[in-house]
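The block underneath contains the structure these notes are about, expressed in structure tokens.
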Amino acid sequence: MLESYSPELQADLAELPLADWGNVPLVGLDMDAALANVADAVEQAAARALPIMIGGEHTATLGAVRGLQRLHPGLVVMHVDAHTDLRDSYLGFEISHATFMRRVVEELGIGHLAQYGIRSGTREELELARGCLHSGPGLDVGRNARDRIHHRPVYVTIDIDVLDPSAAPGTGCPEPGGCTFRELVAFLRSLRELNVVGVDVMEVLPAADVNDITSAAAAKLVREAALAFGLRAPRA
């Protein structure tokens, strides 16, 4: 039901040389092997085009970051989410959807992370987040963060639960008080001047969705990301 043309961007997916690389093989693998497969797939795609990953379990973003870091040293991660995901461990696991961004920080450095839409986290997580380029509930990048990011390569990861549950019920950890779809897509378009080298839209859970509301929102985000960033080549 989604049109390929974006009236706001005045661009059409038909203008892009799109390729669906299919699913990354993960079944039967342990966490390390699964993340390695994600990293390899994203690195291979990013060497030729703008990779856009969709899911699914947000932990996969850790693999994507590792793959892009190989091609783009100095990578900045823009994390759009209701939750900080900065726990050191969760339910006894050091790598999970609640801890993967802590692992990203350990590998890239706290100054390589900017968080938007954040409205949930432990005291420890929120104290750690103070060292980020930015961390807060709003969706305005701000002049300070833009100046610090400048032309550095940027990976944008969007957890669909950044949206209010009324706009995205089909997700595993809905958090009241989120943004509207219009606000989120406006934020995404505001990043066009940055050197975006990869994007993902994660944590869509069709089994919990209502009338495909969440899936439709995620699909439109993917369309807008492809058109906003895919019509130009990333800067080295």
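For (1) assigned to a loop (DSSP other than H, G, I, E, B); (2) open to solvent by less than 10 Å² (accessible area, probe 1.4 Å); (3) in contact (Cβ under 8 Å) with a residue 60 or more places away in the chain, each residue gets a yes or a no:
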| residue | (1), (2), (3) |
| --- | --- |
| 58 | yes, yes, yes |
| 62 | no, yes, no |
| 66 | no, no, no |
| 87 | yes, no, no |
| 97 | yes, no, yes |
| 106 | no, no, no |
| 111 | no, no, no |
| 115 | no, yes, no |
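Suppose we keep only residues that are under 28 Å from residue 73 (Cβ atoms), surrounded by 21 or more Cβ atoms within 10 Å (Cβ to Cβ) and not hydrophobic (A, V, I, L, M, F, W, C) within region 171-202. Which one would you say is nearest to the chain's Cα centre (by Cα)?
The selected residue is 200.
If I ask for residues that are surrounded by 18 or more Cβ atoms within 10 Å (Cβ to Cβ) and in a strand (DSSP E or B), which ones from region 121-145 would you list?
134, 135
Restricting to region 146-170, what's the tally of residues that are in a loop (DSSP other than H, G, I, E, B) and either among the aliphatic types (A, V, I, L, M) or surrounded by 24 or more Cβ atoms within 10 Å (Cβ to Cβ) (or both)?
3
Count, please, the residues in region 125-174 that happen to be of a type outside the set (A, V, I, L, M, F, W, C), under 14 Å from residue 101 (Cα atoms) and in contact (Cβ under 8 Å) with a residue 60 or more places away in the chain.
Adding up the residues that qualify gives 3.
The values are calculated or read from the model by the stated rules, or taken from the named source; none is laboratory data. From a predicted model like this one, the values you see are computed outputs, not experimental measurements. Methodologically, a virtual Cβ is constructed for each residue, glycine included, from the backbone with ideal geometry; neighbour enumeration extends over all protein chains shown. For accessibility, only protein heavy atoms count, side chains too; no ligands or nucleic acids. Shrake-Rupley method; radii C 1.70, N 1.55, O 1.52, S 1.80 Å.
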